[in-house]
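Shown next, in structure tokens, is the structure this report addresses.
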Amino acid sequence: MKTSNCIIILIFFLNSQLSYVFSSYHSNKNNFNRIKPTYKFTYFDARLRGEFIRFILSYSGIEFEDNRVKPEDWPALKPQTPFGQVPVLEIKRGSEVIEIAQSQAIARYLARKSGLNGMNSIETALIDMYGAQMGDLFDALGNAFNSNQTENFYKQVWPRNFQFFEDRLAKNGNGFLVGRRLSWADIYLSQFTDFLGDGREEMLKQFPLIKALDEKVRSIPGIANWIQKRPAGGF
């Protein structure tokens, strides 16, 4: 057989093999996408860093297992988590399981799925910025409790930060922090008011735009339903 004929046969064989590989890949990918995922959200039996994620899941209409870790179970579970900490969102699709740790990484993932991110890269960056600031405010709250400085937090740190968000809402002029629609940062800001305790309603009177946003968020059917059925009280 001539060399040229051998080359032609080899090329034909390789092309047929590549076609089979790509066909199998797309078939498996389509089968994977057709499998409905299940979600399990793991956090302590508390609100803290987990509750705004539960708000986002509820807003999105995503059914999820609310896996609340008891203190006595945490030592055994801790080494099984990605970074030895919670929250963790587990996404299971068929035999494949993906774990996403870090509360804001979880929030951004869910935001992309549910239209709670920006309409463009600038809006998305601003939403992430406000979310990061809320995270800093939560850290300040935790530090205040750990150092017995809660009075200073509620008299100075919290009002200063909420005034910033109030001013941003006034500047945007439509009831949202960014753009023309609800974002995960809006939901985070609303949920943070849970941590104002018994004086929540009175304290929010100082910030009418945040109060209006909070009422809007909590009236969304999915979130309203979650608030009604979630464990009462506590941080």
Practice problem: Would you be able to say whether some residue in the stretch 122-136 is hydroxyl-bearing (Ser, Thr, Tyr), surrounded by 12 or more Cβ atoms within 10 Å (Cβ to Cβ) and in contact with a helix residue (DSSP H, G or I) (Cβ under 8 Å, 6 or more places away or on another chain)? | Solution: yes
Quiz item: From the residues in the stretch 52-86 that are without any contact (Cβ under 8 Å) to a residue 40 or more places away in the chain and in a loop (DSSP other than H, G, I, E, B), which one is nearest to residue 222 (Cα to Cα)?
Solution: 63
Practice problem: With the checklist (1) assigned to a helix (DSSP H, G or I); (2) under 13 Å from residue 42 (Cβ atoms); (3) without any contact (Cβ under 8 Å) to a residue 40 or more places away in the chain in hand, flag the one item residue 106 doesn't pass. | Solution: (3)
Exercise. Inspect all residues belonging to the stretch 144-160 and state whether any of them is basic (Lys, Arg) and not in a loop (DSSP other than H, G, I, E, B).
Key: yes
Quiz item: Any residue in the stretch 93-103 that is in contact (Cβ under 8 Å) with a residue 12 or more places away in the chain, out of contact with any Pro (no Cβ under 8 Å at 6 or more places or on another chain) and surrounded by fewer than 14 Cβ atoms within 10 Å (Cβ to Cβ)?
Solution: yes
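Would you confirm whether or not the stretch 21-34 contains a residue that is at pLDDT 55 or above and not in a helix (DSSP H, G or I)?
Checking the stretch 21-34: not a single residue is at pLDDT 55 or above and not in a helix (DSSP H, G or I).
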Quiz prompt | Count of residues meeting criterion [assigned to a loop (DSSP other than H, G, I, E, B) and not hydrophobic (A, V, I, L, M, F, W, C)] in the stretch 109-135 | solution = 4
Exercise. Output the residues belonging to the stretch 199-226 that are of a type in the set (Lys, Arg) and either surrounded by 12 or more Cβ atoms within 10 Å (Cβ to Cβ) or not assigned by TED's automatic domain parsing to the domain that holds residue 158 (or both).
Key: 200, 211, 216, 218
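The values are calculated or read from the model by the stated rules, or taken from the named source; none is laboratory data. What you are looking at is a predicted structure, and each value in this text was computed from that prediction instead of being measured. Methodologically, a virtual Cβ is constructed for each residue, glycine included, from the backbone with ideal geometry; neighbour enumeration extends over all protein chains shown.
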